[in-house]
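Taking it in order: structure first as structure tokens, then the write-up.
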Amino acid sequence: MNSVAQVRPDKPRCRVAPSALAMLASARQGLAGAEDEGSASGRYVAAHLAALRAAAAVVAARAEPAPSARRKRPQSVWELLPRVEPALSEWAAFFAAGAGKRAAAEAGLPRAVSLREADDLLRDAETFLSLVESTLGVPGQALLPLRTAG
């Protein structure tokens, strides 16, 4: 079949804005950095910020332009995510609930997070990023590797 509409196997089928792809790449880099982080607080913060970047990529890729009317208040990405991608609502609630703990860790409060909490969040953020990539139709190998070598 010699149709012009044929899909070429060598071309990716991903149709996501470059800004969203950049946020996904930044999220992957953040997760790699979180793995190398020595402190529980640093690991928790890096993992949470990586998840935030992944969510921002979905919002950037799926959000409709805002009407010219003025907004009442700024909204967090965790509030916007369920509106643009309802399937990620539970993830948005989960990461929104961890924002206070992240703020405490960033502030350097002693025992803000345990090593287990940080490791759990890192795994959850990795899962979330993979789900976001799948949701957006971005092949994981199109971005940086999730884990760094050595």
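Selection over region 52-64 of residues that are basic (Lys, Arg) and either surrounded by 24 or more Cβ atoms within 10 Å (Cβ to Cβ) or within 16 Å of Thr127 (Cα to Cα) (or both) gives a count of 1.
For region 99-113, residues that are in contact with a helix residue (DSSP H, G or I) (Cβ under 6 Å, 6 or more places away or on another chain) and surrounded by fewer than 21 Cβ atoms within 10 Å (Cβ to Cβ) total 2. Select from region 14-67 the residues that are acidic (Asp, Glu) and either at pLDDT 95 or above or assigned to a helix (DSSP H, G or I) (or both) and write down the one among them that is farthest from the chain's Cα centre (by Cα). The qualifying residue farthest from the chain's Cα centre (by Cα) is Asp36. Applying the criterion of being more than 19 Å from the chain's Cα centre (by Cα) and among the aliphatic types (A, V, I, L, M) to the residues of region 106-150, the residue that is modelled with the lowest pLDDT is Ala149. When you look at Arg83, is it assigned to a helix (DSSP H, G or I) and modelled with pLDDT under 95, yes or no? It is true that Arg83 is assigned to a helix (DSSP H, G or I) and modelled with pLDDT under 95.
Report, by residue number, each residue of region 27-51 that is within 18 Å of Leu80 (Cβ to Cβ) and surrounded by fewer than 22 Cβ atoms within 10 Å (Cβ to Cβ).
Leu49
The values are calculated or read from the model by the stated rules, or taken from the named source; none is laboratory data. These numbers come from a predicted model, not from an experiment. Heads up, the Cβs are rebuilt from the backbone with ideal geometry, glycines too, and the neighbour counts pull from every protein chain shown.
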